[in-house]
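Student: Let me give you the structure first, and then I'll get to my questions.
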Amino acid sequence: MAILQKHGKNSCPDLASIQENPADNIGQAGSQKKWAESSQNWTRPVARIWTVVLLLGTCLLYCARVAMPICAVSMAERFSWSKRETGMVLGSFFWGYCFTQVLGGYVSDRVGGEKVLLLSAAAWGAMTAFTPILAHFCSQPIVSMTISRFLMGLLQGVHYPSLASLCSQKVVESERGFLISTVGSGSYLGTLVIGGVGSLMLDLYGWESVFYVSGLLSVLWAYCMWKYLLKGEGPIITLESLGSAGTQSKLSKRNWLRLFRQPAVCAVIITHLCTASTFFTLLSWLPTFFKDTFPDAKGCVFNVIPWFVAIPSSLFSGCLSDHLISQGFDTASVRKLMQFFSMGVSSVFTLFLCGTTTFPTAVAFVSATMGLTTFSHSGVSVNVQDLAPSCAGALFGVMNTCGAFTGVIMVYFSGYLIEATGSWASVFGLITVVNLLGLGTFLSFAEARRVDIDLAKGRYHSIHI
């Protein structure tokens, strides 16, 4: 098993005794079987198939997510929404998105991330397809659209924690970077697809077509995943499966408290919080920066080129990190190197934007910044699976929830800085400071050894939640 081989390198006597007497060390009846099942990794061909499927699923996730922003202007004209009402509809997605991160990871860790991904995709795909119907047949479209966007956030909030859980359970350590970075690039691909094709459909067939097509394609993806990858097995999630570790509940609480006292765990949470905050800020304010600084600039240029750069950059970071690990480099050092490019080198190009005077230079610096930012897919995003594969989904949910909340706060604070100082340099300086804070924390405390195992008592306990 890949996990045991990894710890074998550290010459841990407790793990050696596990291999000799697994039943004595694991403890309760049935735990040995559960551990064996959770350690069955995908073969490389199977992993490649899942990588493509999950990439497509993430692409469709963003197509459905960005459909509303793409159609917001047309819908506002159709239903006579004010700017404030439009903002309320768009912002309601965020609140739902925050609330299901930890829950999605919790359920995925217990029953399998693939089941949660399947059920959620079918649900948010159907919700997207029914959006025009809800808008036309509800007497108060502003109410129905606000509620539907909130529900979309709830349903899509489980996606990334489920991916983290699935990857930690099924993918060997030396191949996780490629899978996560490849699947993560689906977000950029989806943004490009819905921005290009969605805008075309909007002009030719009306805003309703954008929701119908993206929603039905998402439902079709969920069906194909169920039919061909899960072989038609029902994604049944029972209360028994969620509460199967009831006899270990007290141990679980102690282990979770011990987990959050680990410096490496605190480091990934703080670093992800900083990464998400700066990414949300750039994503939200860069279009305004270009419009203010270069009024004659074409939106199709600065809204597209950085994402075209981000896709191959994300794929390259995954290949590079997996190659370095397979060549024998220390896993923790590789994760730190990837995060250095993501938060350290990218901050250099962010600072260059303070003195930018030409549009092509600004586009180049922004493209470099966004491209290097994707290296975090092979850094902090996958490091959580190194630290706690038995509860990676729930732990990633905690990270993503913190990142989403602080991201919105930083977006609002950046707007305040722009109004107070009248300079974009203050925003780019803030982004750099936050990046360096997260990078310094990660370089100082990040590790790659498992911390969800209690070795102090000479026993092998995975954290069950």
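Student: Given region 9-82, what helices (runs of 4 or more DSSP H) lie entirely inside it while holding 3 or more residues that are modelled with pLDDT of 85 or more and of a type in the set (Phe, Trp, Tyr)?
Tutor: The helices (runs of 4 or more DSSP H) meeting that bar are 44-79.
Student: Given the residues Gly198, Gly215, Gly206, Gly177, which is the only one that is in the same structural domain as Thr86 (by the TED database) and either polar (S, T, N, Q) or within 17 Å of the chain's Cα centre (by Cα) (or both)?
Tutor: Gly177
Student: Given the condition outside any helix (DSSP H, G or I) and open to solvent by 30 Å² or more (accessible area, probe 1.4 Å), answer yes or no: does some residue in region 423-433 qualify?
Tutor: Yes, region 423-433 contains a residue that is outside any helix (DSSP H, G or I) and open to solvent by 30 Å² or more (accessible area, probe 1.4 Å).
Student: Separate question: When you scan region 191-264 for helices (runs of 4 or more DSSP H) that lie fully inside it, which ones turn up with 1 or more residues that are closer than 29 Å to Lys115 by Cβ and at pLDDT 90 or above?
Tutor: Hits in region 191-264: 207-224.
Student: Next up: Which pairs have Cβ atoms under 7 Å, sit 6 or more apart or on different chains, and link a residue in region 256-285 that is of a type in the set (A, V, I, L, M) to one that is at pLDDT 90 or above and open to solvent by 50 Å² or more (accessible area, probe 1.4 Å)?
Tutor: Qualifying pairs under 7 Å: Ala264/Phe445; Ala264/Glu447; Ala267/Phe445.
Student: Hey, can you tell me all the residues within region 44-86 that are in contact with a Lys or Arg (Cβ under 9 Å, 6 or more places away or on another chain), closer than 16 Å to Gly184 by Cα and open to solvent by 10 Å² or more (accessible area, probe 1.4 Å)?
Tutor: Going residue by residue through region 44-86, those that are in contact with a Lys or Arg (Cβ under 9 Å, 6 or more places away or on another chain) are 46-47, 50, 68, 76.
Checking which are closer than 16 Å to Gly184 by Cα leaves us with 47, 50.
Across region 44-86, the qualifying residue is only Trp50.
Residue-by-condition table, conditions (1) of a type in the set (Gly, Ala, Ser); (2) touching a residue at least 60 places away in the same chain (Cβ under 8 Å); (3) not in a helix (DSSP H, G or I):
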{"site": "Ala332", "(1), (2), (3)": "yes, yes, no"}
{"site": "Met338", "(1), (2), (3)": "no, yes, no"}
{"site": "Phe341", "(1), (2), (3)": "no, no, no"}
{"site": "Val345", "(1), (2), (3)": "no, no, no"}
{"site": "Thr369", "(1), (2), (3)": "no, yes, no"}
{"site": "Phe375", "(1), (2), (3)": "no, yes, no"}
{"site": "Gln385", "(1), (2), (3)": "no, yes, no"}
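Student: Would you tally the residues in region 157-185 being crowded, with 24+ Cβ neighbours inside 10 Å and part of a helix (DSSP H, G or I)?
Tutor: 19
Student: A further question on this structure: Looking at this structure, is Ala135 of a type in the set (Gly, Ala, Ser), assigned by the TED database to the domain that holds Gly198 and open to solvent by 30 Å² or more (accessible area, probe 1.4 Å)? Reasoning before the result, please.
Tutor: Numbers: of a type in the set (Gly, Ala, Ser): yes; assigned by the TED database to the domain that holds Gly198: yes; open to solvent by 30 Å² or more (accessible area, probe 1.4 Å): no.
In short, no.
Student: For region 87-131, which positions are in a helix (DSSP H, G or I), open to solvent by less than 20 Å² (accessible area, probe 1.4 Å) and out of contact with any Gly (no Cβ under 9 Å at 6 or more places or on another chain)?
Tutor: Val89, Leu118
The values are calculated or read from the model by the stated rules, or taken from the named source; none is laboratory data. Bear in mind that the values here come from a model prediction, so they are computed numbers and not experimental data. Cβ: placed from backbone, ideal geometry, glycine included. Neighbour counts: every protein chain shown. Accessible surface areas use protein heavy atoms only, side chains included; no ligands, DNA or RNA. Shrake-Rupley method; radii C 1.70, N 1.55, O 1.52, S 1.80 Å.
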